[in-house]
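Here's the structure, in structure tokens; my notes come after.
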Amino acid sequence: MSKRETNLVKQIIGELLSQYGFSCHIVSPEGWDFTKVEGYLEQNISISRISGQYLRLYISNNAGYEKSLMDLIPADEYTGDKIFQGYFYHNEKEFVNALKIFAQVLQSYALDDLEKASHSPDTKVPKGRLDRDDFLFFKNNQKKLSEQYSLQWNINLDTKDREQMVEYFTKLENRINQEKNKDFIEIKEMLFGVSAVYGELLSRYFQSPWIKTGDNYFINGWILAFPFSVGFYLWMEKYQKSLVEKFYDFEEQMEKALKEQKKKEMLTSTIKIKDVFWTDEEEKYLLDHHEEVTEKYQVDWDIVLPSSQASMLDIQFIDQMNQKIEENVEKNFQDVKEILLGLGAIYGSIIEKQFQGKWGLNHKKKCELKTPIDIHPIPLDFMLSLWYHRDQECLKEQYCSLLESMAIYRDSL
């Protein structure tokens, strides 16, 4: 996001919220968070920014209250997108207009509703609260905490024994249960110790490294886990599943992921065995003739290309291209080559116009589009993969990923 956008948010939303005791807590590519803290009770106003073109408003507290725009504003007064419950913008004027609507909703409905919900006699104020300083403490001391508490609780972090893992997770939950009635400040470090040991056990057992993402650390590879708040949430009794049940879920995810990997490897090897690939001549032909090929097949198939201000809703072409692939999945490669060539040319032209792509050949003599966001689509191989694997979702996923990456890139300029 740009500094200009952040300044506008602080001016239009921040100045209003400051009158009610809120301060800007987080500014990130995903949006802006404003927070007010009273003891362990935390109230949040979040403006979520999706792909640099769409804004949503969320209001919540850590006592269970959570509402979005459509929950607060009367339906007959709402002027935004009802499906996505927010506002699209393509320029500063539209961005400012959305923020002014949010400010009006906050002042007229949301802040009063949030305040009443937060101080209702029925509100169960949390007995503890984590903040960014806690996250930074965990980030900087995770290794030390896992070693300290694993030694203290006689836990072997390098175990590969499934039954022992179950025993350890049960032991961690028992440690939490023994401290249920203690004050949060008194046991905070111990809760982080549980989180650190839990994360390190998963990391080593599944051979997955710790990766930082947003405000969380997670175990990346075949499974996803968020160790940072595990001890705290166990103590707060917020989990529906035990740590052992979570471990079983991770095992299932791992098994499915490995099967999927083997399936893809098999399909890849089948392609090589059947000699299903593009020749250097065909790659060079697309490079030299992509404009005329695009024009021909766009007209023949009536493909609707995205506008110059493309968004995630401007993707009619994806359905059209997927349909064309689906119509030809039963054909052999030689019979479908010309169709895939046309689809590759159209997709490459979209990358050229929407993402500043430049046509060229890479070191493997593949025709590719070099973009300023370090994503370089290879149209012919991509279309071949879509056709061969019958993957209806991959085209949309890649295009939406490009949209989001391009928005972040433009904001950085």
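The values are calculated or read from the model by the stated rules, or taken from the named source; none is laboratory data. This is a predicted model, so every value here is computed, not measured. All Cβ positions, even for glycine, are placed from backbone atoms using ideal geometry, and neighbour counts span all protein chains on display.
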If you check Glu281, Glu295, which single one turns out to be at pLDDT 65 or above, within 36 Å of the chain's Cα centre (by Cα) and either acidic (Asp, Glu) or not in a helix (DSSP H, G or I) (or both)? Glu295
Contact list please: Cβ distance under 9 Å, first residue in segment 352-367 and modelled with pLDDT of 85 or more, second residue assigned to a strand (DSSP E or B) and small (Gly, Ala, Ser), pairs at least six apart or on different chains. Cys367/Gly360
Does Phe333 satisfy the condition of being crowded, with 19+ Cβ neighbours inside 10 Å and in contact with a helix residue (DSSP H, G or I) (Cβ under 9 Å, 6 or more places away or on another chain)? no
Is segment 228-251 home to any residue that is of a type in the set (Val, Ile, Thr) and either modelled with pLDDT under 90 or at positive phi (or both)? yes
Which pairs do you get when a residue that is in contact (Cβ under 8 Å) with a residue 24 or more places away in the chain and on the phi > 0 side of the Ramachandran plot, found in segment 40-61, comes within reach of a residue that is outside any strand (DSSP E or B) and crowded, with 19+ Cβ neighbours inside 10 Å, reach meaning Cβ atoms under 6 angstrom, with the pair 6+ apart or on two chains? Ser51/Leu403; Ser51/Ala407; Gly52/Ala407
Subset of segment 34-52 (residues that are more than 30 Å from Gln354 (Cβ to Cβ) and touching a strand residue (DSSP E or B) at 6+ places or on another chain (Cβ under 7 Å)): Phe34, Thr35, Lys36, Leu41, Glu42, Gln43, Asn44, Ile45
Segment 342-362, subset among the aromatic types (Phe, Trp, Tyr) and within 25 Å of the chain's Cα centre (by Cα), residue surrounded by the fewest Cβ atoms within 10 Å (Cβ to Cβ): Phe355
Tell me, please, whether a residue that is out of contact with any helix residue (DSSP H, G or I) (no Cβ under 8 Å at 6 or more places or on another chain), among the polar types (S, T, N, Q) and buried (at least 17 other Cβ atoms within 10 Å of the Cβ) can be found in segment 367-385. no
Filtering segment 146-169 for residues that are hydrophobic (A, V, I, L, M, F, W, C) and under 15 Å from Leu191 (Cα atoms) leaves a count of 2
Could you give every pair whose Cβ atoms fall below 7 Å, whose first residue belongs to segment 185-204 and is over 13 Å from Arg129 (Cα atoms) and without any contact (Cβ under 8 Å) to a residue 12 or more places away in the chain, and whose second residue is crowded, with 23+ Cβ neighbours inside 10 Å and of a type in the set (A, V, I, L, M, F, W, C), counting only separations of at least 6 or pairs across chains? none
Looking at (1) more than 26 Å from the chain's Cα centre (by Cα); (2) within 12 Å of Phe228 (Cα to Cα), can you tell me which one Phe192 breaks? (1)
The helices (runs of 4 or more DSSP H) lying wholly within segment 111-219 that contain at least 3 residues that are surrounded by 15 or more Cβ atoms within 10 Å (Cβ to Cβ) and aromatic (Phe, Trp, Tyr) are 132-152, 184-205
First in segment 64-80 and free of Cβ contacts under 8 Å to residues at least 40 places away in the same chain, second anywhere and surrounded by 13 or more Cβ atoms within 10 Å (Cβ to Cβ) and among the β-branched types (Val, Ile, Thr), Cβ under 8 Å, 6 or more apart: Glu66/Ile59; Ser68/Ile59; Leu69/Val105; Ile73/Val105; Thr79/Ile101; Gly80/Ile101
Only one of Ile101, Ile185, Ile176 is more than 32 Å from the chain's Cα centre (by Cα) and of a type in the set (Val, Ile, Thr); which? Ile185
From the options Lys93, Lys116, Lys124, residue that is out of contact with any helix residue (DSSP H, G or I) (no Cβ under 6 Å at 6 or more places or on another chain), over 30 Å from Lys182 (Cα atoms) and basic (Lys, Arg): Lys93
Which members of segment 8-24 meet the condition of being over 21 Å from Asn91 (Cβ atoms) and out of contact with any Phe, Trp or Tyr (no Cβ under 8 Å at 6 or more places or on another chain)? Glu15, Leu16, Ser18, Gln19, Tyr20, Gly21
